[in-house]
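S.K.: Sharing a structure with you now.
The values are calculated or read from the model by the stated rules, or taken from the named source; none is laboratory data. Since the model is a prediction, treat every value here as computed from it, not as a measurement. Methodologically, a virtual Cβ is constructed for each residue, glycine included, from the backbone with ideal geometry; neighbour enumeration extends over all protein chains shown.
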Amino acid sequence: MAGTSDHLVKSFDQELNRLKALLTDMGGIVESQVALAARAILQRDSAAATSAVEADPRVDALERDVEQFVIRLLALRQPMADDLRHIVAGLKTAAALERMGDYAANVAKRSIVLNQFSLPFSLSGLAHMAQLVQQNLKSIVDAIGENDAEKAIQVWNSDQPIDEVYNRIFRELITYMMEDPRSITPCTHLLFIAKNLERIGDHATNIAEILHYAITGESMPLARPKGDNSAYDVIRPRS
């Protein structure tokens, strides 16, 4: 997440570029985790689920590398203004990416449990949600690598469709559980899976806010575009 200006000490530019490289590497692994987790659910692919879970320690290790690197930069360079914003943003971004990796691993683990059940309904809504989340994740990782504030704004504005799909999935799954108690266990796992995907989308927009501030010095609006709150309505079984 390096700034756009060169420094008198060239090694500082190299260190800032190294920080950005660590974050994009971390983001690439998380992208792969989410893609594998989605495949694990939608294609009932246990091998993909295992790969997603096994990638998590690499994400954790990179977060520690970023943390140590940032502490070193703060101690040795004593950055100010733009540089300080980018370095602190790097620390916050790494924490958000680590959480996204945790959510992807959780989705993968639950997909293995789901393979034990026959699902009498379509997962098309979940597939659509996973696609939207993956698009936002790819865009924000690209924005980090390109130091692109405009792309960050686009990601920030793209969270609402994910919320809307999540709310539809929530209502559908609750209805299935009310109509057929045998569906309670698989539907509960699907509810957690959908929520984890929704949280990955939220963290992508969090990173968008962090990146935009790091580049421009301006905060995004406090009110983020969100989907409706129909998931919190009283749900009654279909007559």
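S.K.: Go through region 60-79 residue by residue and tally those that are among the aliphatic types (A, V, I, L, M) and at positive phi.
M.R.: The number of residues fulfilling the criteria is 0.
S.K.: From the list 139, 219, 118, 183, pick out the single residue that is modelled with pLDDT under 95 and within 30 Å of residue 22 (Cβ to Cβ). Break it down into steps so the answer makes sense when it comes.
M.R.: On the way: 139 fails: modelled with pLDDT under 95; 118 fails: within 30 Å of residue 22 (Cβ to Cβ); 183 fails: within 30 Å of residue 22 (Cβ to Cβ).
Testing whether each residue is modelled with pLDDT under 95 and within 30 Å of residue 22 (Cβ to Cβ) leaves just 219.
S.K.: Also: Given the criteria surrounded by fewer than 15 Cβ atoms within 10 Å (Cβ to Cβ) and either touching a residue at least 60 places away in the same chain (Cβ under 8 Å) or hydroxyl-bearing (Ser, Thr, Tyr) (or both), does residue 51 qualify?
M.R.: No: the conditions fail for residue 51.
S.K.: Hey, could you check region 169-179 for residues that are in contact (Cβ under 8 Å) with a residue 12 or more places away in the chain and within 12 Å of residue 121 (Cβ to Cβ) and say which is farthest from the chain's Cα centre (by Cα)?
M.R.: 179
S.K.: Filter region 122-148 down to residues that are more than 22 Å from residue 98 (Cα to Cα) and in contact (Cβ under 8 Å) with a residue 60 or more places away in the chain and give me whichever is surrounded by the most Cβ atoms within 10 Å (Cβ to Cβ). Break it down stepwise before answering.
M.R.: Keep residues of region 122-148 that are more than 22 Å from residue 98 (Cα to Cα), which gives 122-128.
Imposing the further condition that a residue be in contact (Cβ under 8 Å) with a residue 60 or more places away in the chain reduces the set to 123, 126-127.
Details: 123: 17, 126: 21, 127: 14.
Selected residue: 126.
S.K.: Only residues that are within 21 Å of residue 108 (Cα to Cα) and of a type in the set (Val, Ile, Thr): list them for region 14-54, please.
M.R.: 29, 30, 34, 41, 50, 53
S.K.: Okay, moving on. Sort out which residues of region 10-33 are farther than 25 Å from residue 79 by Cβ, in contact with a Leu (Cβ under 6 Å, 6 or more places away or on another chain) and among the aliphatic types (A, V, I, L, M), and write them in order of number.
M.R.: Restricting attention to region 10-33, the residues satisfying the condition of being farther than 25 Å from residue 79 by Cβ are 28-33.
Checking which are in contact with a Leu (Cβ under 6 Å, 6 or more places away or on another chain) leaves us with 30-31.
Scanning region 10-33 gives a single hit, 30.
S.K.: Please go through region 106-121 and pick out each residue that is surrounded by fewer than 24 Cβ atoms within 10 Å (Cβ to Cβ) and assigned to a helix (DSSP H, G or I). Step through it out loud before you land on a result.
M.R.: First pass over region 106-121, keeping only residues surrounded by fewer than 24 Cβ atoms within 10 Å (Cβ to Cβ): 106, 109-110, 112-121.
106, 109, 110, 112, 113, 114 - these are the residues of region 106-121 that are surrounded by fewer than 24 Cβ atoms within 10 Å (Cβ to Cβ) and assigned to a helix (DSSP H, G or I).
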